[in-house]
Amino acid sequence: MAEINKNFPQGFLWGGATAANQLEGGYNEGGKGLSTADMLTAGSHTTPRRITPVLEAGGNYPSHEAIDFYRHYKEDIRLFAEMGFKIFRMSIAWSRIFPNGDDAEPSEEGLKFYDSVFAELKKYNIEPLVTISHYEAPFGLAQKYNGWSDRRVIDFYVSYCEVIFNRYKAVVKYWLTFNEINILTMRFGLFMAGAMLPEGNAELGGQAAEDDEQLRYQALHHQFIASAKAVKLGHAINPEFQIGCMIAYMCSYPLTCHPDDMILAQQKDNLTNFLCSDVQVRGAYPGFAKRYFAEKRLDIVMEAEDELILQEGRVDFYTFSYYSSTCVSADPEQEQIGGNLAMGLKNPYLQASAWEWQIDPQGLRWSLNNIYNRYQIPLMVVENGLGAADTVEEDGSINDDYRIDYLKQHIEQMKEAVADGVELIGYTSWGCIDLVSAGTGEMKKRYGFIYVDKDNEGKGTLARSRKKSFYWYKKVIGSNGEELV
Ligand code: BG6
């Protein structure tokens, strides 16, 4: 029997992932305007974050300082380089470049900040992977246009892309148009991704927030058009650009082998995962989307030129986040459990994290195969990790064996997928440095190899220190994934 090759390819892009609003801070510095993320209060596992239409005096808004990458970026990038990062996923804060979203001119100060960040990455030969919009739009667009529900926002986004593509064309090759674009198929996405304002003080993703499926899918359509236009424009500005989609991959197993459960699992995979990537990778809405719109009486306004725009703006590669899996059942009585962005059903074979996200490394292999079988284009896992509370020992050490264990098991499954023939080109684990949790706004839910001294109330010195996983990941990268223990 020929030997099975489970090695990652040469030049595999190992690294870590972050997002501006969870990392940067400096929310009102350097000419930056307010973003939608800046209006979100801190919450917890049990208390939802709130969307406040105006900033409340004395309120705890975690994005405002975050971990102050704005001032610490040199130190942080040096630490990434020490681990041997080949790639660093970050996002540009749109409102640092266009403070209100619809400004006539971009902010030179904002652009300069990212010049400096990219120069620092270049120093260590770390390739930037830039998410153009990661859960934040200029708040002005939410107020004035109700965010992505308004087609005019497409043009503001494309102007923003034009500015950053031209400015950074020599230093950035990899781009992602929207973080987890498929979150707009879920209730959680209304404000977080769609920048659409619910009435009054509303809970993020909660029952108090108004939901409108019609509006969400209309906004999603606008993001598809914006993404496709950005892809076409990016390729014209620099044909070397690699521009990808980014999906929150929801791995859902049928709870039983009952055909009803099988169909439900497939429908969920189609609607929550593949609807978006079919549009972005294949350039057209799939049949099941049209059926869903008809059944739900959703009337999505599309212009005559949209079909061609989608066709001409197909992405070069597919990226996704993967944290956990859940089950689906046709039986409404089954027990629910949490997960990234949406609830699902408990799987009796899996353990869950302290935040109730079920841990399922094999689900990653399954997902990689499932996605690759459909599209056969290069894949990148751009988010994966364990959110956990860490303990700092008296000697300052942080022994996060649970995190090492989680990551090791997932990397092992990526190797299996590579051996299955999946073209996997990179891996950026989420929150390579502790940062603000998007879902809860906590600092306590840590993902990093690098610890940041800051607590849920915003107190701490912001000092950085290396966790046990830092040294482990350095070994993983140094051996191109060979040494996992
Ligand atoms: C993804 C987001 O959904 O999950 C990130 O792209 C987020 O922004 C990550 O931080 C982990 O979720 P959480 O809620 O633990 O921060």
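The values are calculated or read from the model by the stated rules, or taken from the named source; none is laboratory data. Here the structure is a predicted model, which is why all the values come from computation and not from measurement. We place every Cβ from the backbone using ideal geometry, glycine too, and count neighbours over all the protein chains shown.
Observations
- A Cβ distance below 7 Å, combined with a sequence gap of six or more or placement on separate chains, defines the contacts here; from segment 460-485, residues that are under 21 Å from G11 (Cα atoms) reach residues that are of a type in the set (A, V, I, L, M, F, W, C) and surrounded by fewer than 16 Cβ atoms within 10 Å (Cβ to Cβ) in the pairs V476/L484.
- Residue in segment 170-180 that is modelled with pLDDT of 95 or more and among the charged types (D, E, K, R) present: yes
- Whichever residue in segment 456-473 is farther than 18 Å from R71 by Cα and touching an Asp or Glu at 6+ places or on another chain (Cβ under 7 Å) and, among such residues, is nearest to the ligand (Cβ to nearest atom): N456
- Enumeration of residues in segment 178-196 that are more than 11 Å from the ligand (Cβ to nearest atom), under 12 Å from A219 (Cβ atoms) and not β-branched (V, I, T): L184, L190, F191, G194, A195, M196
- Among the residues here, R365 does not qualify as assigned to a helix (DSSP H, G or I) and farther than 20 Å from F8 by Cβ.
- All positions within segment 10-51 that are of a type in the set (A, V, I, L, M, F, W, C) and either closer than 15 Å to V436 by Cα or touching a His at 6+ places or on another chain (Cβ under 7 Å) (or both): A17, A19, A20, L23, A37, M39, L40, A42
Residues checked against (1) touching a residue at least 24 places away in the same chain (Cβ under 8 Å); (2) of a type in the set (S, T, N, Q):
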position: S367; (1), (2): yes, yes
position: R374; (1), (2): yes, no
position: N384; (1), (2): yes, yes
position: D395; (1), (2): no, no
position: E412; (1), (2): yes, no
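- Selection of segment 369-410 for residues being within 30 Å of S44 (Cβ to Cβ), outside any loop (DSSP other than H, G, I, E, B) and more than 16 Å from the ligand (Cβ to nearest atom) yields D401, I404, D405, K408, Q409.
- The residue pairs whose first member lies in segment 417-441 and is closer than 16 Å to S367 by Cβ and in a strand (DSSP E or B), whose second member is basic (K, R) and away from the ligand (no atom under 12 Å from the Cβ), and whose beta carbons are closer than 9 Å, counting only pairs six or more residues apart or on different chains, are G426/K86.
- Test: D453 is within 14 Å of the ligand (Cβ to nearest atom), within 30 Å of F191 (Cα to Cα), in contact with a Gly (Cβ under 8 Å, 6 or more places away or on another chain) and of a type outside the set (V, I, T): no
- Residue check for L197: in contact with a helix residue (DSSP H, G or I) (Cβ under 6 Å, 6 or more places away or on another chain) and surrounded by fewer than 22 Cβ atoms within 10 Å (Cβ to Cβ): yes
- Listed by position, the helices (runs of 4 or more DSSP H) contained in segment 80-169 that have at least 3 residues being over 20 Å from the mean Cα position of the chain (by Cα) are 108-123, 139-145, 152-168.
- Meets criteria (part of a loop (DSSP other than H, G, I, E, B), within 22 Å of Y323 (Cα to Cα) and of a type in the set (F, W, Y)) for F178: yes
- Qualifying position, being under 21 Å from the mean Cα position of the chain (by Cα) and closer than 19 Å to S469 by Cα, among Y372, Y406: Y406
- Any hit, segment 397-404, residues being over 24 Å from G448 (Cβ atoms) and among the aromatic types (F, W, Y): no
- Screening the candidates I404, I359, I371 for the property of being among the β-branched types (V, I, T) and more than 20 Å from R446 (Cβ to Cβ) yields one hit, I371.
- Count of residues meeting criterion [aliphatic (A, V, I, L, M), closer than 17 Å to L233 by Cβ and more than 16 Å from the ligand (Cβ to nearest atom)] in segment 129-163: 4
- Evaluated against (1) under 21 Å from the mean Cα position of the chain (by Cα); (2) modelled with pLDDT of 95 or more, L233 falls short on exactly one condition, (1).
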